[in-house]
Each structure stands twice: as C-alpha cells, then as structure tokens.
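Structure, as structure tokens:
Quick note: the coordinates plus some simple rules give every number you see, no bench work behind them. Small disclaimer: the values here were computed from a predicted structure and weren't measured. Ideal geometry is used to build each Cβ from the backbone, glycine not excepted, and the neighbour counts take in all protein chains shown.
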Amino acid sequence: MTYGKHELDDDTPLNMPDGTPYTEEQRYGFYVGLAQHNANQYKWDRIHEYPKVGDQLDMLWHMMDDEVLPGKGSEWYNAILAVKTAHPKPE
C-alpha cells in the first residue's frame, strides 16, 4: 500500500529509538497523529485555564444568592469567555 506524503510532512528525519528510519506507513501515521493533536490542542489549553469547577460553582452560587442571573457580563461568563477567546477552536 502506498501512503504518499502527508500535508504536514516537512521531510524531517523520523527514526525509531534504535536509529532505524520510520517506514512509509509509520511516517504517514505520525503525521496523521500530529494533525489530530494540533486540531485538538485548544481543548487541552482550555482545560488548564478554566477556573476550577468548585470556583465556577462558587461564582454561580454568589450570583444566584445576590439574585443576579448568570449571563453575559457575569463573572462566571467572563471567566469562561476569557479562556475561550485565548484558545479558539480551529476553523
């Protein structure tokens, strides 16, 4: 089976730990995996920047206790929006 060259393949040498070069199939698979990683990186970036769940619930509790409905402009909304803006979904 012929795999061809993946669009991300920049001809950088890829070798196994023992120095053996990747096969055509391994090389193509590496770049398929890299493309998937790149497409999902925003998710990992967001996970590490969102406020902790307990902090988010505390924000919502105080807003409800103060009879403020959570919505645009709220502390919770703005905290989540800041992370989403910093790490947008790729198009």
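Report, please, the projected area of the chain averaged over directions, based on the convex hull of its C-alpha atoms, in nm². Numbers along the way, then the final one.
Values: hull surface 36.5 nm².
Dividing the Cα hull surface by four gives the mean projection, 9.1 nm².
Provide the per-residue ³J(HN,Hα) series for segment 17-32, in order, calculated from phi with Karplus coefficients 6.51, -1.76, 1.60 and θ = phi - 60°, each as a whole number of Hz, with x at glycine and proline positions.
Karplus values, whole Hz, x for Gly and Pro: x, 8, x, 5, x, 4, 6, 4, 5, 5, 4, 4, x, 4, 6, 4.
Find me the longest stretch of the chain that has none of the exposed trypsin sites (Lys or Arg not before Pro), where exposed means in a DSSP loop (not H, G, I, E or B) with at most 12 other Cβ atoms within 10 Å. If you can, show how the numbers build up before the last one.
Details: sites that count: 5, 52, 72.
Result, exposed sites excluded: 6-51.
Residues with amide H under 5 Å of residue 22's amide H, sequence separation 5 or more or different chain, H placed in the peptide plane at 1.01 Å from N; which?
For residue 22, whose amide H was placed from the backbone, the distant partners under 5 Å are 14, 15, 16.
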